[in-house]
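Notes follow once the structure below has been shown.
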Amino acid sequence: VWIGTLADRHGPRAVALPGIVLFCLGLGLLGLAGPELWTWYAAYAAFAILGAGASTVVWTMAVVQTFTTRRGLALAVSLAGAGLLVSIVPSIVLGLERLVGLGGIYPTIAAAALVLMFLPAWFFLPRADARASHAATRQAKGDWREVARSPILWRLGIGLVIIASCVGTFIVHFQPMLTDAGLSRDEAAYVALFIGPAMVAGRIATGLLFDILPTRLVATVAFSLPGLACVLLFLLPLDLTTATLLALVIGVGMGSEVDVVAYLSSRYFGLRRYGLVFGILISLYGLAIGTSSWLVGKAHDATGSYDAVLMGLAGGVVVAMMLVMSLGPPPPVGREDDPVPVAP
């Protein structure tokens, strides 16, 4: 959240450039972790703190400040890289292990990331206007109060926590679900490969639809996909064909959710408050992903099945869809920085 506030005050460039350096430093330090378990906790805690300045909020802010009529598609394209990397990173890591050894993987990736991230940010991110930065600093306290009082933020936040709980379940438990159903580990890994391309397709499709169709309709349909995946996992006998279908549904759903967060943050709360609002919502999203995967594992250990969890999550998704539909229409394009609207 504090990174989003800083970006609101000083612009994405001022946050991104030092943030990239710290992100790469934290990534490289992961190579020093082990073999003791506490070193892994310490390394990942340091990485989470050091990497905050290069988070999604900074890059999406640059996009929403630049694009208006095609903002949905622009956000989708800028976020599509995550889906591509889901598919190719495992192969990259295996290749690096052979070249530089296990301990050299993280420093090598960090060095490559520094070049690939810092140079484009230096040349292409616009410099913030000093007068606008000063005005944003004076306005920050008022924005905090206005945003915190908005029912729209809380409805979005609750709905997003539910959806993120589904996503966290799929990230950690989808392959164990497949092996529990009788698929081999190789088959489960093969099925999981379809999630990455589906994420890219879902992200691009969602962005395109945001530019064409009513905002609430697109967001509600995107939120419905994790619930659909939960119901299908519960009902369908899992074989290689049905598992691949489910991987596609899950991937499309996972790809669309961050699009929804970024687009709705900009449309309902405006560009002046974008970093603050997106920071709050994406923090809730990440927290829910982490806690839900742990809680679902505990529930499975206690009951020996995922069935109750899947049905509970599907019911929660219905609530999330209703919350999104209750938001009311966003302000007209070009007037997003009016006072934060109050949903009916």
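Rolling a 1.4 Å sphere over the protein heavy atoms, what is the accessible area per residue of the chain, to the nearest Å²?
It amounts to 48 Å² per residue over the chain.
For every other residue with a beta carbon closer than 13 angstrom to the beta carbon of Gly328, add +1 if it is Lys or Arg and -1 if Asp or Glu, then tell me the sum.
Values: positive: Arg155, Arg216, Arg267; negative: none.
Combined, the nearby Lys, Arg, Asp and Glu give +3.
To the nearest 20 Debye, how big is the dipole of segment 233-319 about its Cα centre, given +1 on the beta carbon of each Lys and Arg and -1 on that of each Asp and Glu?
Magnitude of the dipole: close to 500 debye.
Quick check for me: using +1 on Lys/Arg Cβ and -1 on Asp/Glu Cβ, what's the dipole size of the chain about its Cα centre, in debye to the nearest 20? The partial results should precede the final answer.
On the way: 20 positive and 18 negative charges, 258 e Å.
Around 1240 debye, computed over the chain.
First compute the accessible area of segment 12-134 with a 1.4 Å probe, then give the percent of it belonging to carbon and sulfur atoms. Walk me through the intermediate numbers first.
On the way: 5290 of 7080 Å².
Of the solvent-accessible surface of segment 12-134, carbon and sulfur hold 75 percent.
I'd like to verify something in the chain: which complete DSSP H helices, judged by Cα projection on the helix axis, reach 30 Å or more and average at least 0.0 on the Kyte-Doolittle scale?
Once both thresholds are applied, what remains is 151-180, 215-235, 240-269, 274-303.
Among 312-325, 250-263, 103-116, how do they line up from the highest to the lowest mean number of other beta-carbon atoms within 10 Å?
Output ranking for 312-325, 250-263, 103-116: 250-263, 312-325, 103-116.
If you take the square roots of the eigenvalues of the alpha-carbon gyration tensor of segment 236-275 and sort them as a ≥ b ≥ c, do you get rounded (a/c under 1.5), prolate (a/b over b/c) or oblate?
The shape class here is prolate.
Among Val89, Cys230, Leu114, flag the residue with its Cα farthest along the positive direction of the charge dipole of the chain, charges on Cβ as +1 for Lys/Arg and -1 for Asp/Glu.
Positive-end residue among those listed: Leu114.
Between (i) 31.7, 122; (ii) 20.4, 71; (iii) 20.5, 63, which matches Rg and Dmax of the Cα atoms in Å calculated for the structure shown?
(iii)
Carbon and sulfur atoms: what percent of the 1.4 Å accessible area of segment 138-292 do they account for? Walk me through the numbers on the way to the answer.
On the way: 4140 of 5930 Å².
Carbon and sulfur: 70 percent of the exposed surface of segment 138-292.
Report the gain in length on full extension from Trp122 to Asp301: 0.36 nm times residue separation, minus Cα-Cα distance, nm rounded to one decimal. Could the numbers behind the result be given before it?
On the way: separation 179, 0.36 × 179 = 64.44 nm, distance 4.90 nm.
Full extension from Trp122 to Asp301 adds 59.5 nm.
Positive end of the charge dipole of the chain (Lys, Arg +1 and Asp, Glu -1 on Cβ, about the Cα centre): tell me which of Phe23, Ser55, Thr66 has its Cα farthest that way.
Thr66
Can you give the calculated 222 nm mean residue ellipticity of the chain, where each DSSP H run of n ≥ 4 adds -39,500 (n - 2.57) and the sum is split over every residue, rounded to the nearest 500 deg cm²/dmol?
Calculated mean residue ellipticity at 222 nm is -27000 deg cm²/dmol.
Please check: in the Gaussian network model of the chain (C-alpha springs, under 10 Å), which one of Pro12, Pro151, Pro35 has the largest mean-square fluctuation.
In the Gaussian network model the winner is Pro35.
Which of the peptides 15-25, 53-63, 207-217 is most tightly packed, and how do the rest follow, judged by the mean count of other Cβ atoms within 10 Å per residue? The partial results should precede the final answer.
Numbers: 15-25: 20.3, 53-63: 23.8, 207-217: 17.1.
Ranking, from highest mean packing down: 53-63, 15-25, 207-217.
Could you give the size of the charge dipole of segment 1-134 about its Cα centre, using +1 on the Cβ of each K and R and -1 on the Cβ of each D and E, expressed in debye and rounded to the nearest 20?
My answer is approximately 460 debye.
With all protein chains present and a 1.4 Å probe, how do Arg155, Arg127 order by accessible area, largest first?
Putting Arg155, Arg127 in descending order of accessible area: Arg127, Arg155.
The values are calculated or read from the model by the stated rules, or taken from the named source; none is laboratory data. Predicted model, so just to flag it, every value in this text is computed and none were measured. Every residue, glycine as well, gets a Cβ built from its backbone with ideal geometry; the counts of neighbours run over all protein chains shown. The accessibility values were calculated without ligands, DNA or RNA, using every heavy atom of the protein model including side chains. Shrake-Rupley method; radii C 1.70, N 1.55, O 1.52, S 1.80 Å.
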